[in-house]
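A.B. asks: Below are the structure tokens for one structure; questions will follow.
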Amino acid sequence: MSRLEAKKPVLIVSEPLTKDTVFQSLSLLSGIFRSCYGPAGRLKQLHNGVGGYVCTTSQSSAILSRLSVSHPVLSVLTASVQNHVSRFGDCGLFTVILCCSLIENFRSLNVASYTVIQISKHLLTLCMDYLKSEACGCRVSVDFSSVETLLCLVRSILTSKPACMLNKTEVDHLTTLILKAFIFTVPCHVETNAVLGKCVVVPVKGRRVMDSTVLPGLLIETQETELAKPLTVKRTCSNMIKIALFCVSMSGDCFNPGEGTITVHHGISLEMSELNQLLNVGKQLVNDEVGLVVCQKVIHPSLKQYLKENHVMAVDRAGLSLMEPLSRMTGSKPIASIHSLSPSCYGSLKDVRFESFASKHFMHLIPKDTVVCSLILCNRNETTWDELKRACETAEHVLQLTVKEPLALLGGGCTETHLASHIRHKSCSLSTSSFKELDCSRTQYQLVADSFCRSLESVACALNRDEGEILTDMVYGHCWFVPSCSPSVSNWSDLVSKCGCGINGNTENLNWRLLRGQFGSPIMQSCPKEPSVKAADFQTLDCFAAKCSGLQVAVETANLILDLSYVIEDQN
């Protein structure tokens, strides 16, 4: 008889945010992600207690997927950010830092949670309305007739990932490759419901980053012995190569009847029956002028030999990951049965070649219209390669989002400080009727608005690692970093040259405000101005869609956590 254990009582915790253990865990989580933020972010090593793979990273997607949190409050926060990152691919660190800062700042206010939540919802609406308006001074239109803005977007992503260990030359090389690969995936003939193609990353570890390249079409890894053979591929009368794509095993193994039974007549061999069926498929492929057969699984050696004798190339063990891009690139439909073969399932290729790269050998499938490409990605070791692959996937995702919504936001902390300046200005001119609608006093509104703005500014402050002062100007509301160990002077203009995003130079007489530790500081008398700039002036840009979503997720998650009255946990 199994031993029975008495059920434990349900654990009920009231007002979880008032508990020191929860708040300390939240502060620790905030500190971990704040120290990862930006080009000067510190790296984190994540591994389990019994050894195994060690991940070195500063990216939120890698940290969140490997970070175990035990408290339900922290689980809500990390789950919200992970959902955002899975949808938008970028701005995960921004989201979690802002959310933690909002919770910490709102918790310190002597204002009821309900009132704080109502006001913060109103402030979020002000932010989103401003970001989506033509008057927004931190928003940039992306012109697809020029690549400058797109290059800046990609470069900003790569430079913010220090674990990739890239120098400036390598960043510029990869930026160009990633953009080139993305352009390959844009259809040449735009239809009503145009679908972007796919970029397949081919790993080459232990090589120089500068060896990375991008090729149109797909690369399928093959054996070195294949290279020694003369390449003869059957072509159609239009000089194209017809391709058949199989997603079913062609190994000749008997099928599994499951729980049923098979009745076999005397003298009949199931193995020979299957092989004969495979050879019949081979004869039909030859008669239909198919030049290339690609199988996701295994092809029987006898079928391979038959196809080879008839000048049909056969590639097996292609794997599941290549099926979708192969189908899209060639127009073929994956064939799921060897007992029914329709010519309408075939696709076509322009050419097939053999390529060698480093110690690897590939069959290069070249399409007529390129919507699928292969990015041969190199880095010095496995750790830096893994981080670089994540960065490239983020960049591709950001470019896809930018095609849907051709906008970007200023980077380097300037969007956060500019938005805070705008909110401070708007909150001072709010009408009395607005306070009645929100059911709060002017004082309560100002307190929450100030905490909201300080939370935005704290994200910008997280970019600074050298303990230097951080300023915002009173004209444009941009973020400026003063180098550490600078002499104490009364004129900050002597110590700064460019703002965080790079579009504002210190060429006019600007008034300054310290971001750290200064409360009750002067507020702009008018809305922050929008500087007149050219695309070449940008040094750092952020994805518009990802950052807008991150802002919404951060505020809504903070409100959700502030509204928690009880945590009820079953301990059994």
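A.B. asks: Could you grab the relative contact order for region 415-474? Cα pairs under 8 Å, six or more apart, rounded to a whole percent.
C.D. replies: 48 percent
A.B. asks: Let me ask you something else. With θ set to phi - 60°, apply the Karplus curve 6.51 cos²θ - 1.76 cosθ + 1.60 along region 372-380 and write out the HN-Hα couplings as whole Hz, x wherever there is a Gly or Pro.
C.D. replies: Per-residue couplings from phi come out as 10, 9, 10, 9, 7, 9, 10, 7, 5 Hz.
A.B. asks: Based on Cα positions only, what radius of gyration and what Dmax would you give for region 299-429, in angstroms?
C.D. replies: Using the Cα atoms of region 299-429, the pair Rg, Dmax is 23.8, 83 Å.
A.B. asks: Also, quick follow-up: How large is ³J(HN,Hα), in whole Hz, for each residue of region 549-558 in order, when computed from phi with the Karplus curve 6.51 cos²θ - 1.76 cosθ + 1.60 and θ = phi - 60°, using x for Gly and Pro?
C.D. replies: With coefficients 6.51, -1.76 and 1.60, one gets 5, x, 4, 5, 4, 4, 5, 5, 5, 4 Hz.
A.B. asks: Can you work out the accessible area per residue across the chain, with the rest of the protein chains kept in place, probe 1.4 Å, in square angstrom?
C.D. replies: 48 Å²
A.B. asks: Which percent of the accessible area of the chain is formed by carbon and sulfur heavy atoms (probe 1.4 angstrom)?
C.D. replies: 51 percent
A.B. asks: So what is the 222 nm mean residue ellipticity for the chain from helices alone, if each DSSP H run of at least 4 adds -39500 (n - 2.57) and you divide by all residues, rounding to the nearest 500 deg cm²/dmol?
C.D. replies: -12500 deg cm²/dmol
A.B. asks: Which of the peptides 45-56, 471-482, 311-322 is most tightly packed, and how do the rest follow, judged by the mean count of other Cβ atoms within 10 Å per residue?
C.D. replies: 471-482, 311-322, 45-56
A.B. asks: Calculate the translational D of region 298-365 in whole µm² s⁻¹ from Stokes-Einstein, where the hydrodynamic radius comes from the Kirkwood formula applied to all Cα pairs, the temperature is 10 °C and the viscosity 1.306 mPa s.
C.D. replies: 114 µm²/s
A.B. asks: Whats the longest run of the chain with zero GluC sites (Glu not before Pro) that are DSSP loop and have at most 11 other Cβ atoms within 10 Å?
C.D. replies: For GluC sites (Glu not before Pro) (loop position, at most 11 other Cβ atoms within 10 Å), the longest site-free span of the chain is 260-466.
A.B. asks: Name the residues whose placed amide hydrogens come within less than 5 Å of the amide hydrogen of Lys360, ignoring near sequence neighbours (fewer than 5 apart) on the same chain.
C.D. replies: Long-range HN contacts for Lys360: none found.
A.B. asks: Continuing with this model, one more query. Hey, what do the phi angles of region 131-145 turn into as Karplus ³J(HN,Hα) couplings, whole Hz, using 6.51/-1.76/1.60 and θ = phi - 60°, x for Gly and Pro?
C.D. replies: 4, 9, 8, 5, 7, 4, x, 10, 10, 10, 7, 9, 9, 7, 7
A.B. asks: Can you list the residues, at least 5 places off or on another chain, whose amide H is less than 5 Å from the amide H of Asp351, using H built in the peptide plane?
C.D. replies: Ile366
A.B. asks: Moving on. Find, to one decimal place in angstroms, the Kirkwood hydrodynamic radius of region 31-164, where the mean of 1/r is taken over every pair of different Cα atoms and then inverted.
C.D. replies: When all Cα pairs of region 31-164 are included, the Kirkwood radius is 17.6 Å.
A.B. asks: Turning to a different aspect of this structure: Roughly what % of Cα-Cα distances in region 433-504 sit above 20 Å, to the whole percent?
C.D. replies: Here the long-distance tail beyond 20 Å is 46 percent of all Cα pairs in region 433-504.
A.B. asks: Same structure, new question: Using a cut-off of 9 Å between beta-carbons, work out the net charge of the residues near Ile299 (Lys and Arg +1, Asp and Glu -1, Ile299 not included).
C.D. replies: +2
A.B. asks: Continuing with this model, one more query. Please grab the % of Cα pairs in the chain that end up more than 41 Å from each other.
C.D. replies: 40 percent
A.B. asks: Considering only DSSP beta bridges where both residues belong to the chain, give the percentage that are antiparallel (nearest 5).
C.D. replies: 70 percent
A.B. asks: So which trypsin sites (Lys or Arg not before Pro) in region 98-169 are both in a DSSP loop and have at most 14 other Cβ atoms within 10 Å of their Cβ?
C.D. replies: Taking region 98-169 and a limit of 14 other Cβ atoms within 10 Å, the loop trypsin sites (Lys or Arg not before Pro) found are Lys132.
A.B. asks: Right, next: Provide the FRET efficiency to the nearest 0.05 for the Asn48-Lys389 pair, computing r from the beta carbons and using R0 = 30 Å.
C.D. replies: Rounded to the nearest 0.05, the efficiency is 0.90.
A.B. asks: Which loop-located chymotrypsin sites (Phe, Trp or Tyr not before Pro) does region 140-209 contain, where loop means any DSSP state but H, G, I, E or B and the Cβ has at most 12 other Cβ atoms within 10 Å?
C.D. replies: Phe144
A.B. asks: Please give the helix 148-159 orientation as an angle from the longest Cα principal axis of the chain, in degrees from 0 to 90, rounded to the nearest 10.
C.D. replies: Compared with the principal axis, the helix lies near 90 degrees.
A.B. asks: Treating each Cα of region 121-247 as an identical point scatterer and ignoring solvent, apply the Debye formula and state log10 I(q)/I(0) at q = 0.11, 0.15, 0.17 Å⁻¹.
C.D. replies: Debye curve over Cα of region 121-247, log10 I(q)/I(0) at q = 0.11, 0.15, 0.17 Å⁻¹: -0.70, -1.06, -1.18.
A.B. asks: If you don't mind, another one. Which percent of Cα-Cα pairs in region 389-469 sits in each 10 Å bin, short to long?
C.D. replies: That works out to 15, 29, 29, 20, 7, 0, in percent per bin.
The values are calculated or read from the model by the stated rules, or taken from the named source; none is laboratory data. What you see is a predicted model, and the numbers here were worked out from it, not measured in a lab. Virtual Cβ from ideal backbone geometry, glycine too; neighbours counted across all protein chains shown. Accessible surface areas use protein heavy atoms only, side chains included; no ligands, DNA or RNA. Shrake-Rupley method; radii C 1.70, N 1.55, O 1.52, S 1.80 Å.
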